[in-house]
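Reviewing the structure listed below.
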Number of protein chains: 2
Amino acid sequence: MASVELYDTTLRDGAQSEGISFSVVDKLHIAQKLDELGIHYIEGGWPGSNPKDAEFYKKAKGLSLKNARIVVFGSTRRRGIKAEEDNNLVMLVEAGVKVATIVGKSSDLQVTRVLKTTLEENLSMIADSIHYLKSKGIDVFFDAEHYFDGYKSNPEYALQTLIVAIGAGADCLVLCDTNGGALPDEVTKAVKAVAKATKVPLGIHTHNDGGLALANTLAAVQAGATQVQATINGYGERCGNANLCTVIAALKLKMGIDCITDEQLGRLTEVSHFVSEAANLVPDPYSPYVGTSAFSHKAGYHMDGIMKWPDAYQHIDPTRVGNRQRTVVSDQSGKRNIIYKAREMGIDLSTDAKETQGLLKHIKFLESRGFQYDNAEASFELLLHRAEPDYKPPFELVDFMVVVESRRRPSTRKAAEEMLSEAIVKVKVGEEIIHTAAEGDGPVNALDRALRKALLQFYPSLKQVKLVDYKVRILEESVGTESQVRVLIESSDGVDEWRTVGGSTNIIEASWLALADGLEYWLVKQKTK
Amino acid sequence: MASVELYDTTLRDGAQSEGISFSVVDKLHIAQKLDELGIHYIEGGWPGSNPKDAEFYKKAKGLSLKNARIVVFGSTRRRGIKAEEDNNLVMLVEAGVKVATIVGKSSDLQVTRVLKTTLEENLSMIADSIHYLKSKGIDVFFDAEHYFDGYKSNPEYALQTLIVAIGAGADCLVLCDTNGGALPDEVTKAVKAVAKATKVPLGIHTHNDGGLALANTLAAVQAGATQVQATINGYGERCGNANLCTVIAALKLKMGIDCITDEQLGRLTEVSHFVSEAANLVPDPYSPYVGTSAFSHKAGYHMDGIMKWPDAYQHIDPTRVGNRQRTVVSDQSGKRNIIYKAREMGIDLSTDAKETQGLLKHIKFLESRGFQYDNAEASFELLLHRAEPDYKPPFELVDFMVVVESRRRPSTRKAAEEMLSEAIVKVKVGEEIIHTAAEGDGPVNALDRALRKALLQFYPSLKQVKLVDYKVRILEESVGTESQVRVLIESSDGVDEWRTVGGSTNIIEASWLALADGLEYWLVKQKTK
């Protein structure tokens, strides 16, 4: 079977998912990860519909990508104007990338009912738009919207939109199941019909409204499509898009199509979790291949089988996708993970040493309070340092108080201008105690300022450390505002970035611990440099 | 195409899902609901492996079912003993139902490596067990475990296990993709081979490890299977089973197979949510057909289409499965979404009216402060109410103060036990001002308690309103702790759930606004009931 090129649209179609809103920084981080995973095309956004997306393309020029090409997305020109007069198309050119995907309508009903124009004008819109972009030296993928619905209602017209796109120079024809309602055999038939009519490469873009986005994608590949458009974790409008993680695993492990290397495949679970973190969504534990429950076993009947033959109840070796087998009752691999991680940091823990046992116990305790170190290596490293008998922290937290006060007149609902947030902190450096205070824009910002104020006189270089991300996750939904809170903070000194964690039932305390770790980690690193 | 019988295994295989533990009462309620949905067979459990399951069968005799037959599950006899000496089989008879499903191995590797017996003995185990149950007047479905893996490694033996089952009188041969790794074309081939060899009805039982449980189920039906085994919401071990909700909708609406009536189909969303409630799991919003996001629209581009043609971006009419179209109001959507959304709530906004323009401006302002109505219809509805000249809020926020204090000794890093969180609130109800205070587990919990304390004397029924979820999102990463904060709160009165939002640069204020909206929304709803 021909090779397949992977086209990620997490940053555009994935961002249409209810509840997802990526910042430009999120998008740049995700693009970098996708490149490392071996994705061939990364669609960054739709500059014509969203000013944030235009900014992404500016900043994306600073990325150094090894595998991927950045793609810009837009639609065919509006009816009744010239392509070069359509601001949406001009912005595609201005994005400054060499590949563009443009969406056009392939369904006659969509043309007449939604575009409210003639079938002929729609064809001109497709041709003109592709011509215009090609004349600017841009490769063009034509996104044939509603292709499968169109192919059912008017197959001749659906095919005609493709033929027009080919005539205008389209480099790939992407057949879209926009409403996500197609069945695999319908996809097979429609793709085969197009493959018979043209040699231009075909792509497939599916949605999961019928629960068949993956099956439809694979059916299209079997019928001849060589470009697959999907999103990490299947994020996307309504029920989502085809899940790129599952698509990749199915292509590599089930169909023998080498779309990425074995090594890259081994990062699949990591990338999936990274993107859900950026989306601030809890990773789906039941997700095929990459979910935490994907290879976990609960039934005694199955456990018994696994003891005799590890593959008895798993369809693949989970390490191939960077996941692992878990038993739900007793999780014994924890210890090994910790020893392994410590070794990565140059700290050698033996399984049996007393200190290791104590450290493990301490970590278990912290985890029960909401700490989690998967995404907060800096806090984990500090934890290991603190277990060393001769560790001298650059500062110690003594105590703090935060006051948040609002004074407003009845019947108005204005915002933070009238808010006062103040933090009082007590910190120990060496033998000295510093007691100081600061105001801030919110309680966490006040704490951050007060803590820095206390430390700057001892460590003036701390000035260059900045907090770049702050995320909050509530751990047990059922308990509402009394739940465990986990705060993840990302700090940067302009060169390196590091992440720290704080856990508590109190969001202010969790933030305080994560903030302090962020500063302590940097100070420790400076000393050892 | 032949009709299809639906076999639900939520109560047995679904209960294997990590995080699910049904009580006997839960199981009885679910069985009742499944019967109302028109399910033909309900598997209640495995009495031989779980004492709770034996109790279910006792109590299930009290159910009055209109459509469904209760089925008991067990395995073939142990090796080396007689069927009637196997307690597991005896308990199946004692369950007192007229249909039993027994699982036996169809894969040669599973027989030799896991059962650790000969291929011949396994065949005897299958035959003896079926004989025994049939001699007790019980219909027997033979669950051919690992059928598709077995068919790949040793097709002759796999088929032989079925032939033995037929010889012993099996009433249905259920082909299982136990490890969930099969591809649809493998399923098609294997099912067709069996259909050619026997006239005994075939069933299909799939798992979702490869993300293809649904596709494999539909492929089997197209190849001749007439019984479908699945679970509500796809609950099940690892990545779950085929999702019965999606299976039913696909059979009825996509393949024209009348497995339940149109009226029963209209209850699909309700049944899905009922079962997730019983499982104490948050319903998956992105679930095909039944998810709350399954027919929700966010992109302005799509909204524009829907205003012109409701079906432009939906694959079926959502009311057919008891779901509904929703508009997501987000910073990506324009005026049209807002007007459409208001219309859903029975409030008519015209595009040009002065009030509409004012409201839109106000919404844009709030969005720039971090509010987002995507996921917070209740706050959005309040916003519309507040724009009405005669709206009288049930209460008004005047002001509040929050104090969070930690007192700790140097060099220890203990947690929330030593924290104090206190909130002082001032609220106006009618002409009365209430000024009160409460402590809490964290600042938001303290605010929540103080606010309720102030309001309960006026609205004692507020007691039943509970906060069920609290989410925090930081909006602009670049600015760190000074960023906009968005708090989303989900409240419930045990029957309905609603979501509210608060935005501010101050996390405490954002929480305060979302909390207050959650209570105000419910009070307004009560008044209009």
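The values are calculated or read from the model by the stated rules, or taken from the named source; none is laboratory data. Note that this is a predicted model, so its numbers are computed, not measured. Backbone-built Cβ (ideal geometry, glycine too); neighbour counts: all protein chains shown. For the accessible areas, the whole protein counts, side chains as well, though only heavy atoms, and no ligand, DNA or RNA atoms are used. Shrake-Rupley method; radii C 1.70, N 1.55, O 1.52, S 1.80 Å.
If amide hydrogens are placed 1.01 Å from N in the peptide plane, which non-local residues have theirs closer than 5 Å to the one on residue A:101?
Correct list: A:72, A:73, A:74, A:141.
Would you mind checking B:66/B:136; B:298/B:392; A:354/A:392; A:61/A:254 for any pair whose Cα atoms are more than 28 angstrom apart?
Over 28 Å Cα-Cα: B:298/B:392; A:61/A:254.
Could you tell me which of A:306, A:362, A:103 has its Cα farthest along the dipole of chain A towards the positive end, charges placed at Cβ (Lys, Arg +1; Asp, Glu -1), taken about the Cα centre?
In chain A, that residue is A:103.
Can you list the distances in nanometres, one decimal and ascending, from the residue B:456 label point to the identical position in each other copy, with the point 7 Å along Cα to Cβ?
4.6
Suppose each label sits 7 Å from its Cα in the direction of the beta carbon; what would the residue B:58-residue B:277 distance come out to in nanometres?
Distance between label points: 2.8 nm.
Apply the Karplus curve 6.51 cos²θ - 1.76 cosθ + 1.60, θ = phi - 60°, to the phi angles in the range B:209-226 and return the couplings in whole Hz, x for Gly and Pro.
4, x, x, 10, 4, 5, 4, 5, 5, 5, 4, 5, 5, 5, 8, x, 5, 10
If amide hydrogens are placed 1.01 Å from N in the peptide plane, which non-local residues have theirs closer than 5 Å to the one on residue A:77?
A:129
What share of Cα pairs, in percent, lie more than 54 angstrom apart in the protein assembly as shown?
For the protein assembly as shown, the share of Cα pairs beyond 54 Å comes to 20 percent.
As a check on your grasp of the helix formula, calculate [θ] at 222 nm for chain A: sum -39500 (n - 2.57) over DSSP H runs of n ≥ 4, divide by the residue count, round to the nearest 500.
The helix contribution divided over chain A gives -11500 deg cm²/dmol.
Counting only DSSP beta bridges with both residues in the protein assembly as shown, what percent are antiparallel, rounded to the nearest 5?
That works out to approximately 50 percent antiparallel.
Shortest first, in nm, what separates the label point of residue A:346 from those of the same position in the other copies (7 Å along Cα→Cβ)?
When each copy's label point is compared with this one, the spacings are 6.9 nm.
Got the residue A:51 label distances to the other copies yet, label 7 Å along Cα→Cβ, in nm, shortest first?
When each copy's label point is compared with this one, the spacings are 6.7 nm.
FRET efficiency for residue B:124 and residue A:153, Cβ-Cβ distance as r, R0 = 56 Å, nearest 0.05?
0.45
With a point put 7 Å past each Cα toward its Cβ, work out how far residue B:388 is from residue A:496 in nm, to one decimal.
5.9
Mind listing the phi-derived Karplus ³J(HN,Hα) values for the range A:159-170, rounded to whole Hz, using 6.51, -1.76 and 1.60 with θ = phi - 60°, and x for any glycine or proline?
These are the phi-based 3J(HN,Hα) values: 4, 4, 4, 6, 5, 4, 5, 4, x, 7, x, 4 Hz.
In nm, what is the difference between 0.36 nm times the number of residues separating residue B:131 and residue B:324 and their Cα-Cα distance?
64.5 nm
For the range B:5-278, report the convex hull volume of the alpha-carbon atoms normalised per residue, in Å³, without decimals.
Here the figure is 114 Å³ per residue.
How large is ³J(HN,Hα), in whole Hz, for each residue of the range A:230-237 in order, when computed from phi with the Karplus curve 6.51 cos²θ - 1.76 cosθ + 1.60 and θ = phi - 60°, using x for Gly and Pro?
7, 10, 4, 6, x, 4, x, 4
If I compute solvent accessible area with a 1.4 Å probe over the protein chains, what percent of it on the protein assembly as shown is carbon and sulfur?
Of all accessible area on the protein assembly as shown, carbon and sulfur atoms account for 51 percent.
Under a plain spin-label model, where a point goes 7 Å from the Cα along Cα-to-Cβ, how far apart in nm are residue B:525 and residue A:433?
Each label point is offset 7 Å from its Cα along the Cβ direction, giving 5.1 nm.
Which log10 I(q)/I(0) values does the range B:196-282 give at q = 0.25 Å⁻¹ under the Debye formula, counting every alpha carbon as one identical point scatterer?
Debye output, listed in q order: -1.27.
Can you list the residues, at least 5 places off or on another chain, whose amide H is less than 5 Å from the amide H of residue A:398, using H built in the peptide plane?
Amide H neighbours of residue A:398: A:426, A:427, A:428.
In degrees between 0 and 90, to the nearest 10, how far off the longest principal axis of chain A does helix A:119-135 point, with axes built from Cα atoms?
Long axis of A:119-135 versus the principal axis of chain A: about 60 degrees.
Just the accessible area per residue of the range B:82-156, please: how many Å² with a 1.4 Å probe?
Spelled out: the 1.4 Å probe surface of the range B:82-156, per residue, equals 38 Å².
Quick one: buried accessible area between A and B, total over both chains, 1.4 angstrom probe, nearest 100 Å²?
The contact between B and A buries close to 10500 Å².
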